[in-house]
Amino acid sequence: MSKVDLNTAMNLFVKRILQTQNYYSKIATVVSVNGKECEVDFHDGSPNMDVLLQQSDSDLGLLILPTVDSPVVVSFKSTTNAYISMFSDIDSVIFQGGQNEGLIKVIELTDKLNALVGEINELRETFNSHQHQYTAGVAPYALPMQNTTGSSNAPEITEFNKDDYQNELFKH
């Protein structure tokens with residue numbers, strides 16, 4: 001089956017499904033947010049109702065928490081089963097249950113890591129360039145006058161590059 005035939009078949013399938021189902025959407029304003037649901041006030045005067053914040057009841061996926069008093073689009077799968085399908089303002093986004101906590105602020109992390117690299121390299125330079133002098137006869141264990149210099153053969157630590165650890169697919 002060619003790509004054109006597949007697209008045509010999919011379009012026909014979707015049209016048939018939509019013709020047999022009573023799918024529709026309404027504009028509403030968020031009244032309150034409670035867990036995975038929120039109460040909305042419909043602009044057409046329909047009674048307020050609680051709607052899902054994601055289409056499924058799974059802990060995984062994407063959970064978007066809208067801002068109270070912000071407009072949203074509510075899509076209906078039936079007259080009693082609805083979810084928010086479009087948001088105008090959001091308070092937070094929880095991805096895959098949120099077990100990994102917040103997203104990394106890549107620019108701030110890179111700046112802090114590179115400042116640490118600079119401090120370590122300065123300490124290494126100070127260590128490598130300092131000298132101790134010993135004078136014979138000052139103490140019973142003293143060595144003849146000599147200079148000693150700290151040394152390290154380790155290379156300088158290189159700065160971090162955000163491209164090594166940021167994921168370009170997620171931006172915030």
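Of note:
- Values of log10 I(q)/I(0) for the stretch 47-112 across q = 0.18, 0.21, 0.27 Å⁻¹ run -0.76, -0.93, -1.22, by the Debye formula with one identical scatterer at each alpha carbon and no solvent.
- Shape summary: the stretch 33-74 maps onto an equivalent ellipsoid whose semi-axes, from the alpha-carbon gyration tensor, are 20, 11, 8 Å in decreasing order.
- Amide H within-cut-off set for residue 67, under 5 Å, with H built and near neighbours excluded: 89, 90, 91
- Cβ-derived FRET efficiency at R0 25 Å, residue 34 paired with residue 77, nearest 0.05: 0.80
- With neighbours defined as other Cβ atoms within 10 Å of a residue's Cβ, the residues 80, 29, 8 order from fewest to most as 80, 8, 29.
- Sequence ranges 111-118, 68-75, ranked by mean other-Cβ count within 10 angstrom, highest first: 68-75, 111-118
Computed from the coordinates by the stated procedures, all read-outs in this text should not be read as laboratory data. If you're wondering where the values come from, they're calculated on a predicted model, not measured in any experiment. FYI the Cβ positions are ideal-geometry reconstructions off the backbone, even for glycines, and counts take in every protein chain you see.
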